[in-house]
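No value in this document is a laboratory result; all are computed from the given coordinates. All of these numbers come straight from a predicted model, not from anything done at the bench. Please note: Cβ atoms are built from the backbone with ideal geometry, for glycine as well, and neighbour counts cover all protein chains shown.
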């Protein structure tokens, strides 16, 4: 019987950490408008928090995919828009060309976590932030043990 390691009491954090450690990176699908770009000014602070968490997670390795319902004429500039705020997206609305598996190619983008203002954004950001911290701690501990 394969008993999974427990990194957190929260199932979703534990799942993220397990996948992150197993694959070195996780895939984050992130909506754009009202998630990282304030479409409604009331969302500006939440967008700032999302960007901060994404940058923090990137320090431990993520594949960032923009996942948006933007109109085609606005979609053209989406990657540049993300780069302009310090994010490094692999693609927008499609799996990256470097992705070697068939999953995520038939409609729904595959990701380990989805960030969207219309889908539990605050909870997802908390899960991602906590998982990033756990992965950072575990990797630092592994480095220390390897040096001994």
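By other beta-carbon atoms within 10 Å, ranking 11, 37 with the fewest at the front produces 11, 37.
Taking Rg and Dmax of the Cα atoms in Å as the quantity of interest, determine which of (1) 18.8, 69; (2) 16.1, 56; (3) 18.4, 61 was computed from the displayed structure. Among (1) 18.8, 69; (2) 16.1, 56; (3) 18.4, 61, the one derived from this structure is (2).
Residues 110, 7, ranked from the fewest to the most other C-beta atoms within 10 Å, line up as 110, 7. Between the helical axis of 44-58 and the longest alpha-carbon principal axis of the chain there is an angle of about 40 degrees.
Could you work out the helix-only [θ] at 222 nm for the chain, with each DSSP H run of four or more residues adding -39,500 (n - 2.57) and the total divided by the number of residues, to the nearest 500 deg cm²/dmol?
For the chain, the value works out to -14000 deg cm²/dmol.
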